[in-house]
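Undergrad: Sharing a structure, written as structure tokens. Questions coming.
The values are calculated or read from the model by the stated rules, or taken from the named source; none is laboratory data. Predicted, not measured: the structure shown is a model, and the values here were computed from it. Glycine also receives a Cβ, built like all others from the backbone with ideal geometry; neighbour counts cover every protein chain displayed.
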Amino acid sequence: MISKAARRTKLRWLVGVAAIALLAPACGGDDDSSSGSSSDEPVTLTVNVFGGDGFGYDNLVKQYEQQHPNITVDYNVVTDDYDNEYRPQLIQQLDAGSGAGDVVAIEEQGVGQMMSMDDAWVDLSDYGLDSRESDYPAWKWDLGHTNDGKLAGLGTDVGGMAMCYRTDLFKQAGLPTNRDQVAAMWQDWDGFTQTAQKFVDSGVDSAFIDSPNQIYNIRLVQEAGNGDGTSYFDRDNNYILADSPAVKTAFDYVLQLNDMGAIGKFQNWTDEWNVAMEAGGFATMGCPAWMAGVIESTSGKQNAGNWDMAPVPGVSGNWGGSWLAVPAQSDHPEEAAALADFLTQPSSQLAAYKAISVFPSAPEAQQNPAVADSKNAYFNDAPVGQIISDSITSFQPVYYGELHSAVRAAVEDVLYGVVEGTYSDDEAWDAFVSAGQEVVDTSG
Amino acid sequence: MKTAERVASEPQAQPASPVRPRNRFRRFLSLVDLKASPYLLVSPYFILFLIFGAFPLGFTLWVSLHDWQLAGDKEWIGLDNYQFLLTNERFRMTVVNTIGMFVLATVPQLLLALMVANALNKRFRGRLLIRLGVLIPMVTSVVAVAIVFSQIYGTKYGMVNWFLGNFGVDPIDWRKTSLASWVAISSMVDWRWTGYNAIIYLAAMQAIPRVLYEAATVDGASSRRQFWHITVPQLKPVIIFTVFISTIGGLTLFAEPMMFNSGRLDGGTTGQFQTVAMYIVQAFRERNNYGLAAAAAWLLFALIVVIALANYLVVNRIRESR
């Protein structure tokens, strides 16, 4: 059923694209004459998003169509593979000047790349949407701007960050399992290091943390946020990784934990990682809001109650989350901007959370009892809503360059290489810097 | 009599006849039929080839001579992309990886296929089933094979390490070193393709005249001698074919090493099993650098031509070494 539905969605999307391509020249003429008044002329707006469950907009779309009888919304979940399918496709459509939807979703991975394409986007402040600033935490608002400072994207959901841990393994290692005690134990990074040391010393046959990359990223964005807000690229898109104190601190921290033997070799999304999650191969892992679902389905019923959740050291962090943007090629930018505005309202974010549990980025929606008081039964009733909200509120903005995602993938490989033992501690930093440099070189 | 008369009279009547232009038209049609229709009949293939084969080839060449960024500038830079790749250490590594995995996968694969085919060529009970059996890996999807093998080669929870552990062997980190990862990936390739090559060899073996073997037996040649001195030389054209196909397949290796690393294109933490094909896809997909990807694709094409020719020269010596 799922595959059939997916195929139908894809087909519908193709038909939609074809229709737009055919209609585009005809509409272009119309538009100029009618652009002043958003009248009752029938308008079809295509909304393209991604993800297994989409963005949870089904009911919102129906509601919007009822309120605006002249507007038909074609809401498509294009694919569940953002990075390999959706993102390259969208960039191609933006480059070609046709084929993209009227409202498109952009994920955190690659937001830097999208926002470097200044001309591709409608400036939403032309339609008065700069008034939305108060709805968002500063970093979420800032990342929705192009390099030229144009408001291109309005935030939808966020991932936030928590630390998930195995109570059964903590117990074996003689560590406290109560989440308040655990949170107190690793209030700061020194506390986390000491906990890691105790766990390693206990001789429990599991890694303390699954892999290097999440702990590295949590540390990196905290350091960068407290510093000048840059990591791999400065705001002129120069490659500054080698000179970034935030990067060096996070990098050295990974080496330190690795020398203690605290980091596992379980690369995210590999089979080994999945098995280890279920079999207790590691005791902690970074946990954005959506990861709770991944852990629950991967670890299975037999591990219910074995997982719990606490704030990360230093509290703040984020992994994932999206924006809605209007491509400049849209024939109905005004109507599309109004729809994007509606879909990203705090009340809509709340509705999407209720539909498919995507965590709202707007503080107003986070404070709603439905979110703020939400608990996760699988994680011993951990107050997920509270922990994730705190991590987002205290998060500091960090600038992503156009090549941020590509550099990130390459340098994180080196971190895995360190844990595998391919690089010695002395070689690692040079390899780390040159891995990113290779990306910069090959990206022309 | 009447017929003969008519036949005789016709040529005489012809010069004055008004039928003549129509006749010429007919002759023209039959000429067209003779000379042009073969081209017309094969044209669907060539028209499709022009659109989907020749044009992309030419366009790739055109792109490779540009600094061609998706969503960016498209600027003529001549051979700079090629120069970059030929002096780039990472690209050179992917070439070494590709050739390494190709040798590691293809040589044992074809030798094994030859042995299997020879064994299947004997008469025994249930041979049809066994012959069909070696083809079964062919019907599984490449990606499914790669996913299953990736689990088998897990470091901590993999079956191979569990098995080796029973004999006191320390767990091998299959993705860490070049050699280990090449062996693992080659085994996936071999599992899937050995049977295919074996069936091709088997078909060719059955076409070898029995009398050759009978004569050799009378002369007292052992079956091993018969295999190397009759079977293998007789199979030469087929061996050349399989070597060509394996060369092309081996040098464009993509799905297995990609799935071995959970769908990532970087081929391990240091790129120790990144193939040229993965490098190409990474260049245009992750880095949006179409020019570089196109240049790498043409270099891969050149590499395949060179290695295929080298293989041809080597395999062609089979008969001479007899």
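Undergrad: Can you give me the ranges of the helices (runs of 4 or more DSSP H) entirely in region B:182-297 with at least 3 residues that are surrounded by 18 or more Cβ atoms within 10 Å (Cβ to Cβ)?
TA: B:236-251, B:255-260, B:276-285
Undergrad: Could you check A:Tyr86 against (1) assigned to a helix (DSSP H, G or I); (2) among the aromatic types (Phe, Trp, Tyr); (3) more than 15 Å from the chain's Cα centre (by Cα) and say which number it fails?
TA: If we test A:Tyr86 against (1) assigned to a helix (DSSP H, G or I); (2) among the aromatic types (Phe, Trp, Tyr); (3) more than 15 Å from the chain's Cα centre (by Cα), just (3) comes out false.
Undergrad: A further question on this structure: For the structure I just gave you, tell me whether A:Val47 is over 26 Å from A:Ala406 (Cα atoms), away from chain B (no Cβ under 14 Å) and at pLDDT 90 or above. Outline the logic, then answer.
TA: Values: over 26 Å from A:Ala406 (Cα atoms): yes; away from chain B (no Cβ under 14 Å): yes; at pLDDT 90 or above: yes.
Yes; evaluated as a whole, the condition is true for this residue.
Undergrad: Say whether the condition of being hydroxyl-bearing (Ser, Thr, Tyr), more than 14 Å from chain B (Cβ to nearest Cβ) and at positive phi is met by at least one residue in region A:385-393.
TA: no
Undergrad: Also, I was wondering about something else. Do you know which of the residues in region A:94-112 that are assigned to a helix (DSSP H, G or I) and buried (at least 21 other Cβ atoms within 10 Å of the Cβ) is nearest to the other protein chains (Cβ to nearest Cβ)?
TA: It comes out as A:Leu94.
Undergrad: Any residue that is over 22 Å from B:Arg264 (Cα atoms), in contact (Cβ under 8 Å) with a residue 24 or more places away in the chain and more than 14 Å from every other protein chain (Cβ to nearest Cβ) - is there at least one of those in region B:176-185?
TA: No, every residue in region B:176-185 fails to be over 22 Å from B:Arg264 (Cα atoms), in contact (Cβ under 8 Å) with a residue 24 or more places away in the chain and more than 14 Å from every other protein chain (Cβ to nearest Cβ).
Undergrad: Now for a separate question. Out of curiosity, is A:Asn238 surrounded by fewer than 22 Cβ atoms within 10 Å (Cβ to Cβ), within 14 Å of chain B (Cβ to nearest Cβ) and farther than 15 Å from A:Glu412 by Cα?
TA: Numbers: surrounded by fewer than 22 Cβ atoms within 10 Å (Cβ to Cβ): yes; within 14 Å of chain B (Cβ to nearest Cβ): no; farther than 15 Å from A:Glu412 by Cα: yes.
It is false that A:Asn238 is surrounded by fewer than 22 Cβ atoms within 10 Å (Cβ to Cβ), within 14 Å of chain B (Cβ to nearest Cβ) and farther than 15 Å from A:Glu412 by Cα.
Undergrad: Which number in (1) assigned to a helix (DSSP H, G or I); (2) hydrophobic (A, V, I, L, M, F, W, C); (3) buried (at least 22 other Cβ atoms within 10 Å of the Cβ) marks the one condition that A:Phe395 misses?
TA: Result: A:Phe395 passes all but (1).
Undergrad: Would you mention how many residues in region A:433-443 are within 11 Å of chain B (Cβ to nearest Cβ), touching a residue at least 40 places away in the same chain (Cβ under 8 Å) and farther than 19 Å from B:Phe284 by Cβ?
TA: 1
Undergrad: Moving to a separate point now. Quick one: which helices (runs of 4 or more DSSP H) sit completely within region A:290-378 and have at least 1 residues that are modelled with pLDDT of 95 or more, aromatic (Phe, Trp, Tyr) and in the same structural domain as A:Gly144 (by TED's automatic domain parsing)?
TA: By residue number, A:333-344.
Undergrad: Please go through region A:283-292 and give me each residue that is of a type outside the set (Phe, Trp, Tyr) and within 15 Å of the chain's Cα centre (by Cα), ordered by number.
TA: Passing the criteria: A:Gly286, A:Cys287, A:Pro288, A:Ala289, A:Met291, A:Ala292.
Undergrad: Specify the residue that is surrounded by the most Cβ atoms within 10 Å (Cβ to Cβ); the eligible residues are those in region A:39-60 that are of a type in the set (S, T, N, Q) and assigned to a strand (DSSP E or B).
TA: The qualifying residue surrounded by the most Cβ atoms within 10 Å (Cβ to Cβ) is A:Asn48.
Conditions (1) exposed (fewer than 11 other Cβ atoms within 10 Å of the Cβ); (2) assigned to a loop (DSSP other than H, G, I, E, B), marked per residue:
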{"residue": "B:Val42", "(1), (2)": "yes, no"}
{"residue": "B:Ala54", "(1), (2)": "no, no"}
{"residue": "B:Phe59", "(1), (2)": "no, no"}
{"residue": "B:Gly72", "(1), (2)": "no, yes"}
{"residue": "B:Arg90", "(1), (2)": "no, no"}
{"residue": "B:Thr94", "(1), (2)": "no, no"}
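Undergrad: Now for a separate question. Among the residues of region B:275-303, which ones are free of Cβ contacts under 8 Å to residues at least 12 places away in the same chain and either away from chain A (no Cβ under 11 Å) or farther than 17 Å from B:Glu75 by Cβ (or both)?
TA: B:Phe301, B:Ala302, listed by residue number.
Undergrad: Can you tell me which condition B:Ser262 does not meet? The list is (1) within 22 Å of the chain's Cα centre (by Cα); (2) within 9 Å of chain A (Cβ to nearest Cβ); (3) of a type in the set (S, T, N, Q), and all the others hold.
TA: In the conditions (1) within 22 Å of the chain's Cα centre (by Cα); (2) within 9 Å of chain A (Cβ to nearest Cβ); (3) of a type in the set (S, T, N, Q), B:Ser262 misses (1) alone.
Undergrad: So is B:Trp182 in the same structural domain as B:Phe244 (by TED's automatic domain parsing) and modelled with pLDDT of 95 or more or not?
TA: Working: in the same structural domain as B:Phe244 (by TED's automatic domain parsing): yes; modelled with pLDDT of 95 or more: yes.
Yes.
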